[in-house]
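Peer 1: Questions regarding the structure given below will be posed in turn.
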Amino acid sequence: MSASSVVNWFHDTYRQLGLKGCSSHSGRRTFITNAARALMHTGGSLRDIQELAGHRALTTTERYIEGDRAVQHKLVSLI
């Protein structure tokens with residue numbers, strides 16, 4: 001499959017499911033964010049997530065990881 005075929009497949013699938021605001025990268029972003037949050041339980045590193053995502057640079061992977069304000073507040077309260 002070409003990259004554009006994958007994008008079109010996701011677009012059509014999300015539309016059929018009635019999901020709005022989703023893109024072909026929505027799943028990647030969710031996977032990478034969830035994997036980053038699970039790292040402390042696995043002993044893994046961001047490099048492992050980078051390899052799973054197929055990114056050449058770790059900075060690319062980091063751009064996919066979404067922050068969570070509630071978690072940030074919890075972290076600060078522990079300090």
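Peer 1: Please say if the stretch 24-78 is rounded, prolate or oblate, where rounded means a/c under 1.5 for a ≥ b ≥ c the square roots of the C-alpha gyration tensor eigenvalues, and otherwise the choice is prolate for a/b larger than b/c and oblate otherwise?
Peer 2: prolate
Peer 1: Using a 7 Å offset from the Cα along the Cα-to-Cβ direction at both Q16 and S45, what is the distance between the two label points in nm, to one decimal?
Peer 2: Taking the simple label geometry, Q16 and S45 are separated by 4.2 nm.
Peer 1: Could you go through the stretch 68-79 in sequence order and give the Karplus-derived ³J(HN,Hα) for each residue, using 6.51 cos²θ - 1.76 cosθ + 1.60 with θ = phi - 60°, rounded to whole Hz, and x for Gly and Pro?
Peer 2: Going residue by residue, I get 9, 4, 5, 5, 4, 5, 4, 4, 5, 5, 7, 8 Hz, with x marking Gly and Pro.
Peer 1: Using a Förster radius of 22 Å, what is the FRET efficiency between T30 and S4 based on their Cβ-Cβ separation? Nearest 0.05, please.
Peer 2: 0.55
Peer 1: Ignoring everything except DSSP H segments at least 4 long, calculate the 222 nm mean residue ellipticity for the chain; use -39,500 (n - 2.57) per segment, divide by total residues, nearest 500.
Peer 2: -22000 deg cm²/dmol
Throughout, read-outs are computed from the coordinates displayed, never taken from laboratory work. Since the structure is predicted, the reported quantities are computational estimates derived from the model, not experimental observations. Reconstructed Cβ throughout: ideal geometry from the backbone, glycine too, with neighbour counts over all protein chains shown.
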